[in-house]
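The values are calculated or read from the model by the stated rules, or taken from the named source; none is laboratory data. Note that the structure is predicted; figures quoted are calculated from it, not measured. When we count neighbours, we look across all protein chains shown, and the Cβ atoms used for this are built from the backbone with ideal geometry, even at glycine. Only protein heavy atoms, including side chains, enter the accessible area calculation; ligands, DNA and RNA are left aside. Shrake-Rupley method; radii C 1.70, N 1.55, O 1.52, S 1.80 Å.
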Amino acid sequence: MPITNDADWWRNAVIYQIYPKSWADADGDGFGDIAGIRAHLPHLARLGVDAIWISPWYRSPQSDGGYDVSDYRDIDPIFGDVASATALVDEAHDLGIKVIVDIVPNHTSSQHRFFQELLASGPGSDAWARYHCLPGRDGGATPPNAWESVFGGPAWSPIPGPDGTPTGWWYLHLFDASQPDLHWDHPDVHAEFLDTLRFWFDRGVDGFRIDVAMGLVKAPGYPPMPPQHGDRHQLLDEVTDEPMWDQPGVHDIWREWRRVANQYQPPRAFVGEVWVATAHAHAAYLRPDELHTAFNFHHLKAPWNGAELRRVVDHSLYEAGLVGAPTTWVLENHDVPRVRTRFGLEAAGAALPSTNTAQLPTLEPDDARGVARARAALVFMLGLPGSAYLYQGQELGLPEVLDLPADVRQDPAFRRTNGAEGFRDGCRVPIPWTPDGPSFGFSPTGASWLPMPADWGPLSVQAQQGDPTSMLELTRRALRARRAEPALGDGDLTWVSGLTDACLVLRRPAGAGDPHVLVAMNLGDTPAVVDAESVLLTSAGDLEPAEGGGFVLPPDTAAWLR
Ligand code: GLC
C-alpha cells in the first residue's frame, strides 16, 4: 500500500543511514560533517529514499564514534553546530526526505555533566545514583560481579574519589569504560532524555533511532549471567535470560517516550536497536504505546539459505503483526561487515559472524558471488512488506575493508581486546564520490580519517552514475519501482507454493487481486523457473523465458515479476 497518511510514513519508508564521520567532508579535516551532508543531499533525492537516519552527531569525545555523548543538546564541533543541523533538517524536508537522529540513552560519555558530577562527589551522593555504582568485592579490589563488556574486558571500572584515591567502588559500563551506564531509576535521567527528545523534535526532527534500546534496565541485584552463557554477552545470542538486557522495566521508558512523540503533529517516530533472541521478545517493544519499529537483526543475520530466510520473514511478520506493527528489514549498518563481503565469504565456504566484534576471516571471499548476492538481497528486501534500511555505501556495493592497519583502527573493542576483536572500522571507511583524487572526493583536501582502498575509484558515485549495470543504478531503479508499485510497501504477502525452498517466491499483496508483484530470489545452486508473464526488475541482466512459460531465474539472482 502506498503511504496514504503522512503520520504513518515510517510503516513502509526506505531509510538511508548516514555515519556522519564517513559520508562527506566539506571543511577538509578528514572527518565528514553536516556541511558535507547538506552538499550531497541531492544524491539522496536522486536515489529516492524516504528518510535518513544520522548516527550520533552530538558533542562527544568520539571514543566510540560518537556513541559516547557528552552533551545531547549540542552538536560536536567536528560536525558543525545546532544551526547547521537545523538547516540540514529543513533542507532535507524541502526535498521530501524525513530525518531521524540517533539517541544513546543506555550510557553517556564519561565527559557528560552527570558523570563529571559523580567524580566530583563522594559515595552515596545523589550524583552517584544516576549511574550503576557498587562497592567492589575483596575489600573493593575486585569488580562487583563477573559481567564482561560487549567490547571485551570487565564491565566495571573503579571510581576514583575527588582527590584521585580509590574509593573501592565501581561503575558499570556494558561498553567502553568511557561509556558509563545510566541508572534509569533516577528522575534526572528521565528528565535529561525527555528534554533532549523535545529539543530535537522542536527543531523538526521526525524521529529517533534508539541505541541499545533493550539495555537500559538491569536485573535487580546484578545477578550472574546464566551458566550456559559465560560472562561475555554476544549480541543476539539465543539466550533469553541475560540480566543486563531485555528486562521488563525497559518497556515503561518507551511508553514515557511515546507519549512525548505523540504530542507532536505529525507524531514523531521511533526505531529501536533491539538485539533480543526471538522475534517474540522483539515484538514486545512494538506494542502500540511503545516504539513504532525496531531493527530486525534476524534478517541481517540470516544466512544464504532459502528455508532459513523464509523462516525469518515469516516469524518477523507474524510477531510484529500480533501487535499491529510493521516489520523492518536491514542488511547492513555501521556495526556489521558489508553484505557483499559477508555473502562472498559464505559463498567461499566461510562464515563471517554478523556482528563485527569477532575475528577477521582467514578465507578470501568469493567476490563475484558476493556482489551478485548483495544485489539480489537488496531487490528481495525492497520487495518485502514494511520499512527497509540502507547503510551508506550499500548503494555503491562497497566491500568490507578487511586489511586496515592496526594503527588506524578506532573501534574501542579493538583496543580493549588488544586487537583480537573489534573490526567495525572496516564498514566505516569514507564514501568515494569521484573516480579520482586521494580521497575520491570525500574531502576537498584528500584527507580521510580512515585510509580508503586505492581501487575504489570505479565504485564512486560519479563512476557508477549512468551505468545501468552498476549497483547505484540498480538501487535507483528498485526504489523508483517500489514507489510506483502500489502492491509494494506496507501490506502483506503470501508464499507461492510448489517451488523448492532454495528459490523463494512470494506474492504481494497476499490474495488473488491485481495488480500484484511476485518477488523471487534464487538461493540455490541451479536455475529455477518462476511462473510469470512479465519481469519488472532484476538484480542481474534480463531473464530468459523458460520453455513452457515463465522465466528462468539463475542462482544468486532476485527479480520482481508479474
Ligand atoms: C550500538 C551502536 C554501536 C555502539 C554501541 C554502544 O550497538 O550501534 O555502534 O558502539 O551501541 O553505544
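Might you tell me the accessible area per residue for the range 113-172, computed with a 1.4 Å probe and given in Å²?
For the range 113-172, the per-residue accessible area is 42 Å².
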Relative to the Cα centre, what is the charge dipole magnitude of the range 85-130, using +1 at the beta carbon of each Lys and Arg, -1 at the beta carbon of each Asp and Glu, and rounding to the nearest 20 debye?
240
Taking a spot 7 Å from the Cα of Asp6 along the direction of its beta carbon, which residues of the range 193-208 have an amide N less than 17 Å from it?
201-207
At q = 0.05 Å⁻¹, work out log10 I(q)/I(0) for the chain with the Debye formula, treating every Cα as an identical point scatterer and leaving solvent out; two decimals please.
-0.20
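With contacts defined as alpha carbon pairs under 8 Å and 6 or more residues apart, what's the relative contact order of the range 426-478 in percent? Provide the component values of the computation, followed by the final result.
On the way: 67 pairs, mean separation 15.6, N = 53.
This gives 29 percent for the range 426-478.
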Could the peptides 151-157, 546-552, 530-536 be put in order, highest first, of the mean number of other beta-carbon atoms found within 10 Å of their residues?
151-157, 530-536, 546-552
Test item: Cα-centred dipole of the chain, Lys/Arg +1 and Asp/Glu -1 on Cβ, debye:
620
Under the Karplus curve 6.51 cos²θ - 1.76 cosθ + 1.60, θ = phi - 60°, whole-Hz ³J(HN,Hα) for the range 177-185, x wherever Gly or Pro sits:
4, 7, 10, x, 6, 6, 9, 7, 7
Mind checking the full-extension length gain between Asn418 and Ser121? Use 0.36 nm per residue of separation minus the Cα-Cα distance, one decimal, nm.
103.6 nm
In nm, to one decimal, how far is the modelled label at Thr500 from the one at Asp542, with both set 7 Å along Cα→Cβ?
2.7
Peptide ranges 295-307, 335-347 listed from the most packed, as the mean C-beta count within 10 angstrom indicates
335-347, 295-307
Any idea how far the Cα center of the range 156-185 sits from the one of the range 323-342, in Å?
33
Here, Ala351 and Arg259, labelled 7 Å along Cα→Cβ, have an inter-label distance in nm of 4.5
Among Tyr391, Ala463, Val408, which residue has its Cα positioned farthest towards the positive end of the charge dipole of the range 342-468, with +1 placed on the Cβ of Lys and Arg, -1 on the Cβ of Asp and Glu, and the dipole taken about the Cα centre?
Tyr391
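Can you give the FRET efficiency for Ala406 and Asp241, using 1/(1 + (r/R0)^6), R0 = 30 Å, r = Cβ-Cβ distance, to the nearest 0.05?
Values: r = 37 Å, r/R0 = 1.22.
That gives a FRET efficiency of 0.25.
Run the accessible area of the range 82-193 with a 1.4 Å probe and give the carbon-and-sulfur part as a rounded percent.
Answer for the range 82-193 is 57 percent, counting heavy atoms of protein chains only.
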Helical mean residue ellipticity (222 nm; -39500 (n - 2.57) per DSSP H run of 4+; nearest 500) of the chain
-7000 deg cm²/dmol
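Rank these residues by their accessible area, most exposed first, probe 1.4 Å: Asp206, Asp289, Asp436. It would help to have the intermediate numbers written out before the result.
On the way: Asp206 20, Asp289 70, Asp436 110 Å².
Sorted descending by solvent-accessible area, the residues read Asp436, Asp289, Asp206.
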Where the eigenvalues come from the Cα gyration tensor of the range 404-458, what are the semi-axes √(5λ) of the equivalent ellipsoid, largest first, in whole Å?
25, 10, 8
If you restrict to DSSP beta bridges whose two residues both lie in the chain, what percentage is antiparallel, to the nearest 5?
55
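Give the accessible surface of the range 492-561 per residue, rounded to a whole number of Å², with probe radius 1.4 Å and ligands, DNA and RNA excluded.
Working: 3240 Å² over 70 residues.
Per-residue accessible area for the range 492-561 comes out at 46 Å².
Let me have the relative contact order for the chain, percent, based on Cα pairs under 8 Å that are six or more residues apart.
Working: 1251 pairs, mean separation 77.4, N = 562.
That works out to 14 percent.
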What full-extension length gain, to one decimal in nm, is calculated for Val552 and Thr278 as 0.36 nm per residue of separation minus the Cα-Cα distance?
95.1 nm
Please work out how much accessible surface Leu119 shows to a 1.4 Å probe, ignoring ligands, DNA and RNA, in Å² rounded to 10.
50
The range 92-114 and the range 282-301: distance between their alpha carbon centers, rounded to Å:
19
Taking 0.36 nm per residue of sequence separation and subtracting the Cα-Cα distance, how much length would be gained by fully extending the chain between Ala83 and Asp71, in nm to one decimal?
2.8 nm
Under 8 Å for C-alpha pairs, at least 6 residues apart: give me the relative contact order for the range 113-172, rounded to a whole percent.
34
When the C-alpha atoms of the range 113-172 are aligned to their principal axes, what extent does each axis show, in angstrom, from largest down?
27, 24, 17
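Classify the range 268-344 as rounded, prolate or oblate, taking a ≥ b ≥ c as the square roots of the eigenvalues of its Cα gyration tensor: rounded when a/c is under 1.5, otherwise prolate if a/b is larger than b/c and oblate if not. Write out the running numbers ahead of the final one.
Working: a/c = 2.62, a/b = 1.51, b/c = 1.74.
Since a/c reaches 1.5 but b/c is at least a/b, the shape of the range 268-344 is classed as oblate.
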Put +1 on the Cβ of each Lys and Arg and -1 on the Cβ of each Asp and Glu in the range 115-257; which of Pro243, Met225, His173 then has its Cα farthest toward the positive end of the dipole?
His173
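Stick to the Cα atoms of the range 1-106, pair each with every other, and give me the Kirkwood hydrodynamic radius in Å at one decimal.
Details: mean 1/r = 0.0699 Å⁻¹.
When all Cα pairs of the range 1-106 are included, the Kirkwood radius is 14.3 Å.
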Keeping all protein chains in the complex and leaving out DNA, RNA and ligands, what accessible area do you get for Arg137 with a 1.4 Å probe, in Å² to the nearest 10?
110
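Could you work out the percent of alpha carbon pairs in the range 492-561 separated by over 14 Å, rounded to a whole number?
Numbers: 1304 of 2415 pairs.
Everything past 14 Å amounts to 54 percent.
Using the Cα centre of the range 492-561 as the reference point, and only Cβ charges (+1 on K/R, -1 on D/E), how large is the resulting charge dipole? Debye, rounded to the nearest 20. Kindly include the intermediate steps, with their values, before the conclusion.
On the way: 2 positive and 10 negative charges, 45 e Å.
That gives the range 492-561 a dipole magnitude of about 220 debye.
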Extend 7 Å from the Cα of Leu360 along its Cα-to-C-beta direction; within the range 409-442, residues with backbone N under 19 Å of that point are 409-430
